[in-house]
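Read-outs throughout are calculated quantities, based only on the coordinates presented, and are distinct from any laboratory measurement. This is a predicted model, so every value here is computed, not measured. Because the Cβ atoms are built from the backbone with ideal geometry, glycine has one as well, and the counts that use them run over all protein chains shown.
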Amino acid sequence: MIAWLSHHWHAFFLALRQLAGAPFASLLNITVIGVAFSLPTGIYMLLGNLQVFSGQMSEASQLSLFLELDADKAAILKIESLLKQHPQVINFQFISKDSALKQLKQGSGLTDVVDSLTQNPLPDAFIINANSTEPEALEQLRGEIQKWPKAEHVQLDSAWTKRLDALLKLGQLAVLMLTALLSFALVVVTFNTIRLQILTKRDEIEVSKLIGATSNFIRRPFLYFGAIQGVAGGVIAWLIIAIVIHLINSELTDLVQLYAIDLHLYHLSFEDSISLLLFSSWLGWLGAWLSVATHLWQIEPK
């Protein structure tokens with residue numbers, strides 16, 4: 001066990017020395033990887049923030065139930081009872097026709113027009129909050145309430161939630177496609193980098209094989225090099241996203257103060273950050289493994 005750990009530590013140290021031996025080229029490769037990975041990761045983070053924001057907006061979405069003008073107190077009490085017993089209704093608020101007319105008079109600036117009315121044209125209404133934010137569930141609830149006695153019209157503005165849901169699904173597909181393309185590019189970059197190292201160290205590899213070094217022993221430093229380069233690129237991508245989020249949130253400060261809303265971008269969660277680093281490390285390792293598997297067997301001592 002100690003010998004196994006010693007071999008891996010030796011390979012890890014050699015990989016770090018190779019990175020430090022060509023600092024400019026290594027930094028350039030790592031930066032390219034980081035910038036490339038920051039694109040799909042940034043889109044993924046933006047979609048996550050949109051989902052949070054849409055969830056906050058959906059919580060504020062409501063159904064408005066307008067009763068028929070001739071609805072009496074018994075009909076109102078009946079609907080109140082149905083709403084209290086309904087499992088999909090969190091809470092509701094009753095707005096009488098007199099209260100609605102008073103609000104219209106105070107808020108519209110049409111006092112003279114309202115005073116000239118011979119009768120109240122507004123209906124009694126209920127403002128209903130549902131426990132589901134899914135557009136399909138809200139539509140189903142709207143259709144059910146619409147069939148209740150004395151229910152004239154049930155209004156639900158769910159078009160924006162459907163459009164946003166479709167946009168998020170399209171964005172998720174775009175993230176998957178972009179991640180696949182850039183992952184392939186990362187593997188290619190690592191593949192070529194390791195290929196050049198193998199060609200540069202050809203004589204050293206031949207000598208190592210002559211003195212009995214196994215393929216695993218020779219392969220190990222290159223694999224560590226690819227993994228380290230990949231995880232370093234993941235760190236750069238994480239830092240780029242963190243800086244961008246900080247700059248955007250700084251600009252959103254004035255907007256938040258003007259509109260008194262909770263609007264700011266969230267950074268990647270701990271789990272997502274670890275996944276980013278592990279995935280970028282694995283891609284670097286994969287590129288190195290493919291390169292070693294392709295070229296190392298071609299080098300045999302003469």
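What is the fewest-to-most order of LEU286, LEU167 by other Cβ atoms lying within 10 Å of their Cβ?
In order of increasing Cβ crowding within 10 Å: LEU167, LEU286.
Which order do the peptides 31-40, 191-200, 232-241, 265-274 take when ranked by the mean count of other beta-carbon atoms within 10 Å per residue, highest first?
Ranking, from highest mean packing down: 232-241, 31-40, 191-200, 265-274.
Points 7 angstrom from Cα along the Cβ direction at HIS153 and ASP72: gap in nanometres?
2.6
Going by how many other Cβ atoms sit within 10 Å of their own, how do GLU68, GLU136 line up, fewest first?
GLU136, GLU68
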